[in-house]
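Chemist: One structure, as structure tokens, below. Some questions next.
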Amino acid sequence: MVKKLALPAVGALFAIASLILVACGNPGNMGLCVACFLRDTAGALGLHGAEAVQYARPEIIGIVLGAMIVSLITREFSSKGGSAPITRFVLGACVMVGALIFLGCPTRMVLRIAGGDLNAIVGLFGFAAGIFGGIFFLNKGFTLKRTYTISKTDGFALPVMSLLLLVALLFFPMLLNFSEAGPGAMRAPIFLALGIGLVMGGVGFISRLCFVAGIRDSAFFKNFSMLFAFVALLVVATVGNIIMGNFNLGLEGHPVAHTDGLWNFLGLALVGLGSVLLGGCPFRQVVLAGGGNTDSVTAVFGMIFGAALAHNLSLASSAAGVSERGPVGFAVAAVLMVGIAVYNTFFNKDKKAGKV
Amino acid sequence: MTILDARGISCPEPMVMLKQALNNQRELTLMLDSKNALANCEEYAKKQNCTVTIKTEGDEYELHIKANG
């Protein structure tokens, strides 16, 4: 196991991986954004019709397979699931709606701040507010109940699907959609992206890197080790952006970002709350999914579904700003999320785990 | 002595259960079945100045946690 002291090194590695991916073709400040790349993958599979964001991102495939390989080596691969699957699916979808209103997951939030994007600092306050909301529910007894050991076919389903997607990407690209312009057309070379995904998936599994845990554990458990990874990522990515001439301090002119402060705040508040309820950020969910955790697979499928909905129903923001329907999408997602939190905290205690 | 059964419970819930139990108890047993929860709970208990002894049976762990001082 990577000692806690190594977490800053993991954050720094994440930053370097992101900088390399952007330098080699990925969209600006989007080196390794899990929400963006799940959204692009949904587009590649034809689940949404937004032509600018369609590409089966090898980074996601790599993270899933990297986590699977390392979990098999460390004998921690474990097919488990059954903890409120539909609730997790809905939470995943709501998290994605929030991320696409902000335009990025917590990973990209840090990368955007590192690029000088002050809109992402507004988002960070929203993210923290959402996490504090989640801590409130955790403290009052929020639970999605027990998970169970299940068939190995369940645990290996997502890695196998990821492998099939890789085969399609490499040998049968005619089966998939590819953006010809826009962020989806900005791509690092396949094998570089795949390799970085594999490394980050493996390292993510061993280190348990989670962008929600940084703030959650500092505030709730007074454990700051994960926060250091968060800070290391920010510092290294900022220095890297300055060296590469990609640092542009201000609110305007940032790639794939808008300047509406209210919705940057609210979008990431939804991501923060939902991620605490799910037990981890989108990156952590993909990593756990690779390790056989089908509760996380369900959350990832929910995120893919949420991305498809967000684009098909025009809920997602764009660089021009929040869409007309974005606030409606936010309201629905927020009501669902808070409803789930309230019910599973205050009204679902009959079979709650606890004292024997 | 209180026995907390957190088997099958995903992080961070086992840590929340442990944190709340340690607020009013000096000694307890915590049952877990994931290495993730084991690492987190062991670290948390030690930071709270507790002695932790771990009994492992297959994929299940029984942590005996006792507050020092």
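Chemist: Only one of these conditions is not met by B:Thr51: (1) open to solvent by less than 40 Å² (accessible area, probe 1.4 Å); (2) touching a helix residue (DSSP H, G or I) at 6+ places or on another chain (Cβ under 9 Å); (3) not basic (Lys, Arg). Which number is it?
Modeler: (1)
Chemist: Can you spot a residue in the stretch A:212-224 that is touching a residue at least 12 places away in the same chain (Cβ under 8 Å) and away from chain B (no Cβ under 14 Å)? Working first, answer last.
Modeler: Step one: list which residues in the stretch A:212-224 are touching a residue at least 12 places away in the same chain (Cβ under 8 Å), which gives A:212-216, A:219-220.
Then drop every residue that is not away from chain B (no Cβ under 14 Å), which leaves none.
The answer is no, given that none of the residues of the stretch A:212-224 is touching a residue at least 12 places away in the same chain (Cβ under 8 Å) and away from chain B (no Cβ under 14 Å).
Chemist: What is the residue count in the stretch B:19-28 for residues that are crowded, with 17+ Cβ neighbours inside 10 Å and more than 9 Å from every other protein chain (Cβ to nearest Cβ)?
Modeler: Total meeting the criteria: 2.
Chemist: Take A:Thr153 and decide whether it is farther than 18 Å from B:Lys19 by Cα and within 14 Å of chain B (Cβ to nearest Cβ).
Modeler: When the stated conditions are applied, A:Thr153 does not pass them.
Chemist: Collect the residues in the stretch A:130-160 that are open to solvent by 50 Å² or more (accessible area, probe 1.4 Å) and under 19 Å from the mean Cα position of the chain (by Cα), keeping them in residue-number order.
Modeler: A:Phe132
Chemist: While we're on this one: Going by the structure shown, is A:Gly66 over 23 Å from A:Val271 (Cα atoms) and either charged (D, E, K, R) or open to solvent by less than 10 Å² (accessible area, probe 1.4 Å) (or both)?
Modeler: Values: over 23 Å from A:Val271 (Cα atoms): yes; either charged (D, E, K, R) or open to solvent by less than 10 Å² (accessible area, probe 1.4 Å) (or both): yes.
Yes, satisfied.
Chemist: Moving on. Which residues, taken from the stretch B:17-51, are hydrophobic (A, V, I, L, M, F, W, C), over 10 Å from the mean Cα position of the chain (by Cα) and in a helix (DSSP H, G or I)?
Modeler: Of everything in the stretch B:17-51, nothing turns out to be hydrophobic (A, V, I, L, M, F, W, C), over 10 Å from the mean Cα position of the chain (by Cα) and in a helix (DSSP H, G or I).
Chemist: Would you tally the residues in the stretch B:59-69 being away from chain A (no Cβ under 14 Å) and part of a loop (DSSP other than H, G, I, E, B)?
Modeler: Final tally of qualifying residues: 2.
Chemist: Here are some conditions: (1) closer than 28 Å to A:Ile150 by Cβ; (2) surrounded by fewer than 24 Cβ atoms within 10 Å (Cβ to Cβ); (3) charged (D, E, K, R). A:Glu51 meets all but one. Which one does it not meet?
Modeler: So the condition that A:Glu51 fails would be (1).
Chemist: Hey, can you tell me all the residues within the stretch B:37-53 that are under 22 Å from A:Arg146 (Cα atoms) and more than 10 Å from chain A (Cβ to nearest Cβ)? Even if it seems obvious, please write down each step before you answer.
Modeler: So in the stretch B:37-53, the residues under 22 Å from A:Arg146 (Cα atoms) come out as B:37-42, B:44.
Passing the criteria: B:Ala37, B:Leu38, B:Cys41, B:Glu42.
Chemist: Among the residues in the stretch A:317-327, are any within 14 Å of chain B (Cβ to nearest Cβ) and either of a type in the set (Ser, Thr, Tyr) or surrounded by 16 or more Cβ atoms within 10 Å (Cβ to Cβ) (or both)?
Modeler: The answer is no; no qualifying residue exists.
Chemist: A further question on this structure: Can you pull out every residue in the stretch A:14-34 that is open to solvent by 10 Å² or more (accessible area, probe 1.4 Å) and not in a helix (DSSP H, G or I)?
Modeler: A:Cys24, A:Gly25, A:Gly28, A:Asn29
Chemist: Among the residues of the stretch A:148-164, how many are touching a strand residue (DSSP E or B) at 6+ places or on another chain (Cβ under 8 Å) and under 17 Å from A:Val300 (Cα atoms)? I'd like the intermediate steps shown before the answer.
Modeler: Filtering the stretch A:148-164 for residues touching a strand residue (DSSP E or B) at 6+ places or on another chain (Cβ under 8 Å) gives A:148-150, A:154-155.
Next, only the ones that are under 17 Å from A:Val300 (Cα atoms) stay: A:154-155.
So the answer is 2.
Chemist: Further question on the same structure: Which of the numbered conditions does B:Thr56 fail, given that it passes all the others? Conditions: (1) out of contact with any strand residue (DSSP E or B) (no Cβ under 6 Å at 6 or more places or on another chain); (2) part of a strand (DSSP E or B); (3) closer than 25 Å to A:Ala341 by Cβ.
Modeler: Status for B:Thr56: all satisfied but (3).
Chemist: Would you check if B:Ala67 is touching a strand residue (DSSP E or B) at 6+ places or on another chain (Cβ under 9 Å), of a type in the set (A, V, I, L, M), open to solvent by less than 70 Å² (accessible area, probe 1.4 Å) and closer than 27 Å to A:Ser71 by Cβ?
Modeler: no
Chemist: I would also like to ask the following. Go through (1) touching a residue at least 40 places away in the same chain (Cβ under 8 Å); (2) out of contact with any strand residue (DSSP E or B) (no Cβ under 9 Å at 6 or more places or on another chain); (3) more than 14 Å from chain B (Cβ to nearest Cβ) for A:Val167 and report which single condition fails.
Modeler: In the conditions (1) touching a residue at least 40 places away in the same chain (Cβ under 8 Å); (2) out of contact with any strand residue (DSSP E or B) (no Cβ under 9 Å at 6 or more places or on another chain); (3) more than 14 Å from chain B (Cβ to nearest Cβ), A:Val167 misses (1) alone.
Chemist: Continuing with the same structure: For the stretch A:190-211, give me the residue count where each residue is away from every other protein chain (no Cβ under 14 Å) and either out of contact with any helix residue (DSSP H, G or I) (no Cβ under 9 Å at 6 or more places or on another chain) or surrounded by fewer than 24 Cβ atoms within 10 Å (Cβ to Cβ) (or both).
Modeler: Adding up the residues that qualify gives 9.
Chemist: Go through the stretch A:106-121 and report how many residues are surrounded by 24 or more Cβ atoms within 10 Å (Cβ to Cβ) and either within 14 Å of chain B (Cβ to nearest Cβ) or aliphatic (A, V, I, L, M) (or both).
Modeler: 5
The values are calculated or read from the model by the stated rules, or taken from the named source; none is laboratory data. Here the structure is a predicted model, which is why all the values come from computation and not from measurement. Note that we place each Cβ from the backbone using ideal geometry, even for glycine, and neighbour counts take in every protein chain shown. Accessible surface is based on the protein model in full, side chains and every heavy atom, while ligands, DNA and RNA are left aside. Shrake-Rupley method; radii C 1.70, N 1.55, O 1.52, S 1.80 Å.
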